[in-house]
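Working notes, beginning with the structure itself.
Nothing in this text is a laboratory measurement; each read-out follows from the coordinates by a stated rule. Fair warning: this is a prediction, and the values are worked out from it, not measured in the lab.
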Amino acid sequence: MSALRAKILHVATELFQTRGINSTGVDMIVAVAGTTKMTLYKYFHSKEELILEVLQKGHHDFQSWLTEKLDASSKKPHEKLQKLFDLIEEWMTAPDFRGMAFIKASAEFPNEENPIHRLSAEQSRQFKQYLSDLAAEAGVKDAEGLSLQLSLLIEGAMQAEQMKRGSGAIKYAKKAAKQLIDISLKA
């Protein structure tokens, strides 16, 4: 990836996360990136293509970070599952936390036929599947059910944290998750 392409992607990511996707025009992206529209369109044929790539990169980066941290925390599946919310808390309390891009994007593009909404829905499904796989590896019988419960706790805590930094929502979500995980591991 060229340095300029990477810079455009980084700038777009920051602006989309802080200002909103629909509120961020191509003119603003090129101004902040210190480039031209022609250069942006050389790398991304449309704003929609840029948005999709921002979402794909953000999802990949988060999943990679989470997997790496979980793998480093333990080799035992049940310990990884129990460590999950510690890592989510670490991520959410970091100074550069901006939320889960697919949640924001789906809100800005509510039409289910829109490619951005479809990608957001797919990333949400992939995240739930990731949680379900963790639960199944740990021996949870209803891994899909636990996955849905945990994703609701994570997404709700993220929304609360985005609305008010330092909300403390993740601490309560973490307590609820611990109870759900403990019950699920004993079932």
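Odds and ends about this structure:
- For the range 1-45, the ratio of Cα radius of gyration to the globular rule of thumb 2.2 N^0.38 Å stands at 1.03.
- The relative contact order of the chain, computed from alpha carbon pairs under 8 Å that lie at least 6 residues apart in sequence, is 19 percent.
- Karplus-derived 3J(HN,Hα), 6.51/-1.76/1.60, for each residue of the range 19-26, Hz, glycine and proline x: 10, x, 6, 5, 7, 10, x, 4
- Rg over Rh, two decimals, the range 103-159 (C-alpha only, Kirkwood Rh): 1.06
- Here Lys174 is the anchor, and the lysines within straight C-alpha reach of less than 19 Å, apart from those fewer than 8 places off in the same chain, are Lys69, Lys80, Lys83, Lys128, Lys164, Lys186.
- Here the Karplus relation 6.51 cos²θ - 1.76 cosθ + 1.60, evaluated at θ = phi - 60°, turns the backbone of the range 115-125 into coupling constants of x, 5, 5, 4, 5, 4, 5, 5, 5, 4, 4 Hz, with x for every Gly and Pro.
- Between helix 169-186 and the chain there is an angle of about 50 degrees, using the helix long axis and the longest principal axis of the Cα atoms.
- Kirkwood-Stokes translational diffusion coefficient of the range 79-185, alpha-carbon pairs, 20 °C, 1.002 mPa s, µm²/s: 149 µm²/s
- Under the Karplus curve 6.51 cos²θ - 1.76 cosθ + 1.60, θ = phi - 60°, whole-Hz ³J(HN,Hα) for the range 99-108, x wherever Gly or Pro sits: x, 8, 4, 5, 5, 5, 5, 5, 6, 7
- Cα gyration tensor shape for the range 54-95, rounded if a/c is under 1.5, else prolate or oblate: oblate
- By the helix-only formula, in which each DSSP H run with n ≥ 4 contributes -39500 (n - 2.57) and the sum is divided by residues, the chain has a 222 nm mean residue ellipticity of -26000 deg cm²/dmol.
- Note on the chain: Rg/Rh from C-alpha atoms, Kirkwood Rh, equals 1.02.
- Seen from every direction in turn and averaged, the convex hull around the alpha carbons of the range 1-87 projects onto 6.9 nm².
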